[in-house]
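Take a look at the structure set out below.
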Amino acid sequence: MKEVKVGVVGLGRFGRLHTRSLSELPGCRVSALCEIDGPTLEDCGKEYGVEGLYTDLEAMLDSEDLDAVDVVTDESSHGRQVMTCLEHGRAVFVEKPLATDSSEAEAVASMSRDTGLPVVVGNISRFDARYATLHREVEAEKFGRVALIQAKRSFSRAWFAGFGSRVHPVFESMIHDLDLVLWYLPSPVRKVYAQSGSTGNGDGVPNTLVATLTAEDGTLAVLQSTWLVPDAAPITLAGPPTGPLDLWGTIDAQLEVVGTSQVGKVDLMVDGLYLWNDSAVRAPDTGLWPEVHGRISGALREELSHFLDCVRARRPSPLAPPEVGAEAVRLAEAIVRSSREGEVVLLPEEGAR
């Protein structure tokens, strides 16, 4: 197996989790780290034995012999940083969203095609066995005609001030379900209507968002995102020493596909494991990035393994390509526009743009 040398950009909670997961994957070596916070960079370098430490992305790209880069920075930086990596001849894994601007997202997709360098978007739900099983049923036409997709994703209220309010929720929480809708819908989205609300603690960023999408064949998708789950809700993400991600709180997510022959539902809160004591109830998620026998497992390991396979074969991803990521960003922009203007947004066909 060819060893893939990877540099990780961004060492926040999730960047550190990516660094650990990559370091545990066979045939992968984390060769360089890039982070603007010096102490975090030094600590992470020592923990994973990485000598190539940088505070500037271009300096890392110019100095290190890397095969690929894993971009785990703030959402608004993604598009620009991915293009910088492609310009330097590196394959890229980028956390969702691909960008927060559709022109940037489309430029990334175009550069990936032109250079032949794979770009894999971190739409982690596609690598979760629950959502993948549902997709397999859709592809096998077990649902008959898909009539409705309903998705709800609610995050802990306490998270909103920490990181939820740094970007519009369509790019942070709802982007997961936008991607799944694109995966499940039988035809392209042509109409978007959205409404948003705020309880006044996000500096103008809404913490409640509802969107209705209408596909070309008439299929409806209704998406709901909130950041209002109370502290006493069952904890699905528990930080160390209980779990590998340094974050405590709740993701309450459900997705339902309704067809003429079948109905299917994924519910992340009903995961088969519950723990409770005198102070709290925990329902640890065992699908996203559980720690099993001392290593990161689940959907995160699957998607990063998939990325390494794409790098070794120098082939585009069939599961999370930048073209789909760009379409999700285009829909996200339409949702923001509709929620601000209070109007339906019509989306043109591909050739009419």
Handout entry: Residues (closer than 17 Å to HIS135 by Cβ and β-branched (Val, Ile, Thr)) located in the range 167-186
Key = VAL181
Fill in the blank from the handout: From the option list SER196, SER173, SER154, single residue qualifying as closer than 23 Å to ALA233 by Cβ, crowded, with 22+ Cβ neighbours inside 10 Å and touching a residue at least 40 places away in the same chain (Cβ under 8 Å) is SER173
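I'm trying to understand the selection: among the residues of the range 70-90, which are of a type in the set (A, V, I, L, M) and out of contact with any Ser or Thr (no Cβ under 9 Å at 6 or more places or on another chain)?
Within the range 70-90, MET83 is the sole residue that qualifies.
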Exercise for the section: Go through (1) under 24 Å from the mean Cα position of the chain (by Cα); (2) surrounded by 20 or more Cβ atoms within 10 Å (Cβ to Cβ) one by one and return the number of the condition ASP37 breaks. Expected result: (2)
Practice task
With respect to GLU139, determine if the residue is over 15 Å from the mean Cα position of the chain (by Cα) and closer than 30 Å to VAL270 by Cβ.
Solution key: yes
Problem - Positions within the range 101-121 being hydroxyl-bearing (Ser, Thr, Tyr) and surrounded by 23 or more Cβ atoms within 10 Å (Cβ to Cβ), in sequence order - result: SER112
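Do we have ASP278 as among the charged types (D, E, K, R), modelled with pLDDT under 95 and in contact with a helix residue (DSSP H, G or I) (Cβ under 8 Å, 6 or more places away or on another chain) here? Working first, answer last.
Details: among the charged types (D, E, K, R): yes; modelled with pLDDT under 95: yes; in contact with a helix residue (DSSP H, G or I) (Cβ under 8 Å, 6 or more places away or on another chain): no.
Answer is no for this residue.
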Problem - Every residue from the range 73-85 that is crowded, with 23+ Cβ neighbours inside 10 Å and under 23 Å from ALA313 (Cβ atoms) - result: VAL82, CYS85
Handout entry: Candidates LEU347, LEU319, LEU308, LEU268, filtered to the one that is of a type outside the set (S, T, N, Q) and in contact with a Pro (Cβ under 8 Å, 6 or more places away or on another chain)
Key = LEU347
Handout entry: Qualifying positions in the range 238-274 - among the hydrophobic types (A, V, I, L, M, F, W, C), touching an Asp or Glu at 6+ places or on another chain (Cβ under 8 Å) and modelled with pLDDT under 90
Key = MET269
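The rows are residues; the columns are (1) assigned to a loop (DSSP other than H, G, I, E, B); (2) more than 25 Å from ALA215 (Cβ to Cβ); (3) modelled with pLDDT of 90 or more; (4) not polar (S, T, N, Q).
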position: ASP285; (1), (2), (3), (4): yes, yes, no, yes
position: ALA299; (1), (2), (3), (4): no, yes, yes, yes
position: GLU302; (1), (2), (3), (4): no, yes, yes, yes
position: SER305; (1), (2), (3), (4): no, yes, yes, no
position: CYS310; (1), (2), (3), (4): no, yes, yes, yes
position: GLU323; (1), (2), (3), (4): no, no, yes, yes
position: ALA332; (1), (2), (3), (4): no, no, yes, yes
position: SER338; (1), (2), (3), (4): no, no, yes, no
position: GLU343; (1), (2), (3), (4): yes, no, yes, yes
Handout entry: Residue identified as within 17 Å of SER63 (Cα to Cα) and in the same structural domain as ASP62 (by TED's automatic domain parsing) among ARG29, ARG20, ARG16
Key = ARG29
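Condition check: under 14 Å from GLY164 (Cα atoms) and either not in a strand (DSSP E or B) or not basic (Lys, Arg) (or both). Does GLY200 satisfy that? Even if it seems obvious, please write down each step before you answer.
Values: under 14 Å from GLY164 (Cα atoms): yes; either not in a strand (DSSP E or B) or not basic (Lys, Arg) (or both): yes.
Against the criterion (under 14 Å from GLY164 (Cα atoms) and either not in a strand (DSSP E or B) or not basic (Lys, Arg) (or both)), GLY200 qualifies.
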Problem - Test: residue in the range 186-208 that is in contact with a Pro (Cβ under 6 Å, 6 or more places away or on another chain), polar (S, T, N, Q) and not assigned by TED's automatic domain parsing to the domain that holds ASP231 - result: no
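The values are calculated or read from the model by the stated rules, or taken from the named source; none is laboratory data. No experiment lies behind these values; they were computed from the predicted model shown. Because the Cβ atoms are built from the backbone with ideal geometry, glycine has one as well, and the counts that use them run over all protein chains shown.
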